[in-house]
Amino acid sequence: MNLSEMLPELILALPLTLAIMFVALIAGFFLAVLATTFRIRRVPVISQLADLYVSYARSVPVVLQLFVAFYGLPVLVALFEISDFFSPNVAAMLGLSLYHGGYLSEVMRPAYLAVDRGQHDAADSLGYGFRQKIFRVVGPQAVHIALPGYGNALIYLIHNVALVMYIGAADVMATAHLVMQRHYNQYQFETYLLLAVIYSLLCLVAWLIVRFFERRSPMYASAERQVKMPLMANV
Amino acid sequence: MLELRDIRLSYGNSQILKGVNLSVSRGDVVSIIGPSGTGKTTLLKCINYLARPSSGTIALDQIRMDYRRADKPTVQAIRLRTAMVFQQFNVFKNMSVIQNVMDPLIVVQRKSKEEARQIAVQELERVGLSDKLDMYPSQLSGGQLQRTGIARALAVRPDVMLFDEPTSSLDPELVGEVLKVINDVAASGMTSLLVTHEMQFAKKISNRIVFMDQGVVAAEGSPDEVFDTPSNPRLAQFLKSEVAFQ
Ligand SMILES: Nc1ncnc2c1ncn2[C@@H]1O[C@H](COP(=O)(O)OP(=O)(O)OP(=O)(O)O)[C@@H](O)[C@H]1O
Ligand SMILES: [Mg+2]
């Protein structure tokens, strides 16, 4: 077996892997926004549930969370009598979305809290409404503060996608195992090395995207960049 | 035009404001002086409800509010007619100098971009920042930041300006440029309340001085009365320590 034999098969498994990743990325983001909102603006019961959710997502090992999703989903499906939509892939998406959302909430909340109290005061004193303040002033600053943490959250998510094979989703990792088994468990080193490269590339792309946004922020302008900044001021 | 009556406020168990009365007429420049921690900043913040008194009333021309029954529309009405300059500047860090001044006009006052820009350029020129319009806060000195804050406050065309120790977090060599701007604002007839430790400056620009001590107004009067013939012993002692400090 050589690379040219292995690579196409792995690449075929890539779309599903990426799909799981993107669903978790997007659903997790919205879950995180929701959870963070309720953890900042305390509402009885809902806020406690949000706290509970976040501590579940952050303290239970991800493999376990995937098993919970895998075995829990059918129960839920039965409860609401929607049949036949369940599969390991859906369970993987659900499990990772929940994990990523909880993890990300603990990036967003500190970032929100790290925005200087004075920024709130200034916006309030000028008559900004709560939404206006969040969207115009506090949000953009919190995003800037959160970006490095968000980069880490993305990288952990990508790593954890490799765990979905434990619940039978056919991602690149699972596919690689199938291919290796077909070849009587030879070529492990080459295969794992190839997987490592694929995962590194995914992480690299994620990191580059996050860094792009970090650099683009007007707040990135630091003392050393004083001379260059005026050129960028209009972007 | 601005009247505060019996303002009381506590943080936890400690009473910070213990029944403060203050009245300001149109065009007045009133400086509030007093020892650290007596609640000067807190009093200023009560006016625009950044601090929430437990009782007391405010009247700003026709707008009246009892703090025990503060409601959003009235708070908003007060906020639209006052503007605050902060000790820590509190310039929006995610916006350039000109955006800082334009944004409240666009977002709160719903002015067009063109009109907002026009006003912003004008106010920034007034504070001497015409050449810094597109700079970001991280690239500016404290003095420039504070002048941005002042321009942002002036641009909303408030009836009352609230200055909270505008120069006390500045390096000494930057104090002058900011005091000059405040002096111009006061001279223009803008009704102003100024919390400050700059005694000479307060004496020069104010027509009234209020001495706060331990949560109440302990003495007030014209600059000459307060600075040259202090009747209150604590005021005399405070002035002596301030002079010794400077
Ligand atoms: N948010 C807060 N929570 C609790 N205590 C507070 C808060 N803000 C202010 N205080 C306390 O209230 C008191 C008055 O504070 P304030 O800032 O109004 O004093 P000040 O007269 O402006 O003093 P300075 O001259 O040092 O600025 C201080 O003892 C301060 O510790
Ligand atoms: Mg103060």
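The values are calculated or read from the model by the stated rules, or taken from the named source; none is laboratory data. Remember, predicted model here, so these are calculated numbers, not experimental data. Cβ placement follows ideal geometry from the backbone for every residue including glycine, while neighbour counts extend to all protein chains displayed. For accessibility, only protein heavy atoms count, side chains too; no ligands or nucleic acids. Shrake-Rupley method; radii C 1.70, N 1.55, O 1.52, S 1.80 Å.
Criterion applied to B:LEU154, B:LEU162 was being more than 15 Å from ligand 1 (Cβ to nearest atom) and at pLDDT 95 or above, and the one residue passing it is B:LEU154. Taking the residues in the range B:8-31 that are of a type in the set (Val, Ile, Thr) and within 13 Å of ligand 1 (Cβ to nearest atom) as candidates, determine which candidate is farthest from the chain's Cα centre (by Cα). Of everything passing the filter in the range B:8-31, B:ILE16 is farthest from the chain's Cα centre (by Cα). From the list B:LEU129, B:LEU105, the one residue that fits, being touching a residue at least 40 places away in the same chain (Cβ under 8 Å) and more than 16 Å from ligand 1 (Cβ to nearest atom), is B:LEU105.
Within 16 Å of ligand 1 (Cβ to nearest atom) and within 14 Å of chain A (Cβ to nearest Cβ) - does that describe any residue in the range B:182-198?
Going residue by residue through the range B:182-198, those that are within 16 Å of ligand 1 (Cβ to nearest atom) are B:193-198.
Still in the list and also within 14 Å of chain A (Cβ to nearest Cβ): B:193.
Yes, there is a match, as at least one residue in the range B:182-198 is within 16 Å of ligand 1 (Cβ to nearest atom) and within 14 Å of chain A (Cβ to nearest Cβ).
For B:SER169, the requirement of being among the polar types (S, T, N, Q) and free of Cβ contacts under 8 Å to residues at least 40 places away in the same chain is not met.
Which one of A:ALA13, A:ALA27, A:ALA35, A:ALA50 is modelled with pLDDT under 95, open to solvent by less than 80 Å² (accessible area, probe 1.4 Å) and either outside any loop (DSSP other than H, G, I, E, B) or under 30 Å from A:LEU178 (Cα atoms) (or both)?
Details: A:ALA27 fails: modelled with pLDDT under 95; A:ALA35 fails: modelled with pLDDT under 95; A:ALA50 fails: modelled with pLDDT under 95.
Every option except A:ALA13 fails the conditions.
Within the range B:28-58, the set of residues being more than 16 Å from ligand 2 (Cβ to nearest atom) and in contact with a Lys or Arg (Cβ under 8 Å, 6 or more places away or on another chain) comprises B:ASP28, B:VAL29, B:TYR49, B:PRO53, B:SER54, B:SER55, B:GLY56, B:THR57, B:ILE58.
One line per residue, one yes/no per condition, for (1) farther than 19 Å from A:ASP124 by Cα; (2) under 18 Å from the mean Cα position of the chain (by Cα); (3) in the same structural domain as B:GLU3 (by TED's automatic domain parsing):
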{"position": "B:VAL108", "(1), (2), (3)": "no, no, no"}
{"position": "B:LYS111", "(1), (2), (3)": "no, no, no"}
{"position": "B:VAL121", "(1), (2), (3)": "yes, no, no"}
{"position": "B:SER130", "(1), (2), (3)": "yes, no, no"}
{"position": "B:GLY142", "(1), (2), (3)": "yes, yes, no"}
{"position": "B:THR148", "(1), (2), (3)": "no, yes, no"}
{"position": "B:ARG152", "(1), (2), (3)": "no, yes, no"}
{"position": "B:GLU173", "(1), (2), (3)": "yes, no, yes"}
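Just so you know, in the range A:133-146 the residues that are open to solvent by less than 20 Å² (accessible area, probe 1.4 Å) and hydrophobic (A, V, I, L, M, F, W, C) include one that is nearest to the chain's Cα centre (by Cα), and it is A:ALA146.
Scanning the range B:154-189 for residues that are away from ligand 2 (no atom under 14 Å from the Cβ) and closer than 17 Å to B:PRO104 by Cβ returns B:LEU154, B:ALA155, B:VAL156, B:ARG157, B:PRO158, B:ASP159, B:VAL160, B:MET161.
In this structure, is B:GLU198 among the charged types (D, E, K, R), within 16 Å of ligand 2 (Cβ to nearest atom), in contact with a strand residue (DSSP E or B) (Cβ under 7 Å, 6 or more places away or on another chain) and not assigned by TED's automatic domain parsing to the domain that holds B:LEU105?
Details: among the charged types (D, E, K, R): yes; within 16 Å of ligand 2 (Cβ to nearest atom): yes; in contact with a strand residue (DSSP E or B) (Cβ under 7 Å, 6 or more places away or on another chain): no; not assigned by TED's automatic domain parsing to the domain that holds B:LEU105: yes.
Considered against the rule, which asks whether it is among the charged types (D, E, K, R), within 16 Å of ligand 2 (Cβ to nearest atom), in contact with a strand residue (DSSP E or B) (Cβ under 7 Å, 6 or more places away or on another chain) and not assigned by TED's automatic domain parsing to the domain that holds B:LEU105, B:GLU198 comes out as no.
For the range A:98-200, please list each of the helices (runs of 4 or more DSSP H) lying entirely inside it that holds at least 1 residues being in contact with a strand residue (DSSP E or B) (Cβ under 9 Å, 6 or more places away or on another chain), within 14 Å of chain B (Cβ to nearest Cβ) and not charged (D, E, K, R). I'd like the intermediate steps shown before the answer.
Details: elements: A:117-125, A:130-133, A:139-161, A:172-182.
Because the criterion is at least 1 residues that are in contact with a strand residue (DSSP E or B) (Cβ under 9 Å, 6 or more places away or on another chain), within 14 Å of chain B (Cβ to nearest Cβ) and not charged (D, E, K, R), the helices (runs of 4 or more DSSP H) in the range A:98-200 that meet it are A:117-125.
Of the strands (runs of 3 or more DSSP E) lying entirely inside the range B:32-89, those carrying at least 3 residues that are more than 15 Å from ligand 1 (Cβ to nearest atom) and more than 10 Å from chain A (Cβ to nearest Cβ) are B:55-60, B:63-66.
Selection of the range B:90-119 for residues being more than 10 Å from chain A (Cβ to nearest Cβ) and either at pLDDT below 95 or not in a helix (DSSP H, G or I) (or both) yields B:ARG110, B:LYS111, B:SER112.
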